[in-house]
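Q: Let me give you the structure first, and then I'll get to my questions.
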Amino acid sequence: MNNTQNVQRRTKKTLENRLSLGEQKQSLIYGPVSSRRFGTTIGISLIPLKVCSFDCVFCELSVHTNVLTLERHTYVSVNEVLKELRNFPTQGVDYIALSGAGEPTLAANMGEVIDALHQKYSVPVLVLSNGSTVFMKDVQEELRKADAVKLTFSSLKEESFKRLNQPAEGVTASKVARGIEEFASSYAGTLYFEVVVVKGINDDLSEVRKTVEFLAQFKPYHIDINRPARPGTARYLELPDKELYMPLEREFPAVRVF
């Protein structure tokens with residue numbers, strides 16, 4: 001193991017010891033973070049805690065959304081991002097990920113940030129989005145700049161969608177589904193989908209299968225069925241049985257069950 005790799009390991013260990021998940025994601029830049037789905041990432045949080053278009057019952061930050069909105073604003077400049085990112089090692093990193101403490105597509109300068117990252121770094125750019133804004137034309141245009149995009153879409157049923165996500169006014173399952181169709185049909189990068197399954201809300205196998213069938217038609221790299229392991233904002237959450245969804249891995253090659 002060379003010296004650079006040793007430095008990266010020590011940096012990662014120090015951050016993991018010092019910062020909780022929520023504290024990391026309140027920082028402008030955080031990581032390197034080891035992800036079971038995306039490898040080693042350095043995260044960029046373009047949105048303050050917690051400005052979001054959803055107030056999901058399963059939110060891993062365990063913090064309720066205090067600004068529930070679909071309005072896009074610029075919260076940090078491109079220069080601020082690049083200046084701070086210089087302090088983080090990028091060698092051996094799989095992705096620079098736009099995610100963080102809120103919904104990253106609500107950053108009005110997201111496209112400019114992606115362009116600037118491409119100019120300065122050879123590391124591919126990943127956007128981790130809850131999928132709520134994908135029906136917006138400007139968001140679609142900016143997402144197309146990214147090398148990889150992860151969109152969460154957990155149910156085609158309006159009732160389940162609303163209970164899970166507690167969305168901002170105007171966001172519906174049908175609207176997001178149409179947005180996914182529009183975006184995915186013309187996106188040339190690596191596309192990931194996430195289906196979050198919560199017991200008692202959308203854990204029925206037939207409901208999950210319908211959602212997966214819808215997403216599979218867009219030929220994504222992966223469709224991840226994710227059972228939230230961390231406590232959400234709703235303390236009553238229970239994990240469905242993983243084995244229930246294993247048949248979907250055999251039925252759909254892109255599916256991974258976590």
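Q: Considering the range 61-82 alone, what residues qualify as being over 23 Å from Asp138 (Cα atoms) and among the polar types (S, T, N, Q)?
A: Those that are over 23 Å from Asp138 (Cα atoms) and among the polar types (S, T, N, Q): Ser62, Thr65, Asn66.
Q: Still on this model: Filter the range 111-138 down to the residues that are open to solvent by less than 10 Å² (accessible area, probe 1.4 Å), closer than 17 Å to Tyr192 by Cα and either part of a loop (DSSP other than H, G, I, E, B) or touching a residue at least 40 places away in the same chain (Cβ under 8 Å) (or both) and list them by number.
A: Passing the criteria: Leu126, Gly131, Ser132, Thr133, Val134.
Q: Hey, another quick one. Take Leu106 and decide whether it is aliphatic (A, V, I, L, M) and more than 29 Å from Val196 (Cβ to Cβ).
A: Against the criterion (aliphatic (A, V, I, L, M) and more than 29 Å from Val196 (Cβ to Cβ)), Leu106 does not qualify.
Q: Out of Lys175, Lys162, report the one residue that is more than 24 Å from Phe38 (Cβ to Cβ), free of Cβ contacts under 8 Å to residues at least 40 places away in the same chain and out of contact with any Leu (no Cβ under 9 Å at 6 or more places or on another chain).
A: Just a single option satisfies the conditions, and that option is Lys162.
Q: Please specify each residue of the range 58-99 satisfying the condition of being surrounded by fewer than 20 Cβ atoms within 10 Å (Cβ to Cβ) and of a type in the set (Val, Ile, Thr).
A: The answer is Val63, Val67, Thr69, Thr74, Val76, Val78, Thr90.
Q: Given the criterion outside any loop (DSSP other than H, G, I, E, B) and open to solvent by less than 20 Å² (accessible area, probe 1.4 Å), identify the matching residue among Glu194, Glu159, Glu182.
A: Residue meeting the stated conditions: Glu194.
Q: Restricting to helices (runs of 4 or more DSSP H) lying wholly in the range 1-102: which have 2 or more residues that are over 18 Å from Pro124 (Cα atoms) and modelled with pLDDT under 95?
A: Where helices (runs of 4 or more DSSP H) fall fully within the range 1-102 and carry at least 2 residues being over 18 Å from Pro124 (Cα atoms) and modelled with pLDDT under 95, they are 3-18, 21-26.
Q: Of the residues Ser129, Ser160, which single one is among the small types (Gly, Ala, Ser), closer than 22 Å to Ala254 by Cβ and touching a strand residue (DSSP E or B) at 6+ places or on another chain (Cβ under 7 Å)?
A: When all the criteria are applied, what remains is Ser129.
Q: While we're looking at this one, here's another question. Consider only pairs whose beta carbons are under 6 Å apart and that are at least six residues apart or on different chains; among these, list those whose first residue lies in the range 184-195 and is closer than 14 Å to Gln217 by Cβ and among the small types (Gly, Ala, Ser) and whose second residue is open to solvent by less than 50 Å² (accessible area, probe 1.4 Å) and in a loop (DSSP other than H, G, I, E, B).
A: Cβ pairs passing all conditions: Ala184/Phe218.
The values are calculated or read from the model by the stated rules, or taken from the named source; none is laboratory data. Every value quoted in this text rests on a predicted model; they were computed, and no experiment measured them. When we count neighbours, we look across all protein chains shown, and the Cβ atoms used for this are built from the backbone with ideal geometry, even at glycine. With ligands, DNA and RNA removed, areas are computed over all heavy atoms of the protein, side chains included. Shrake-Rupley method; radii C 1.70, N 1.55, O 1.52, S 1.80 Å.
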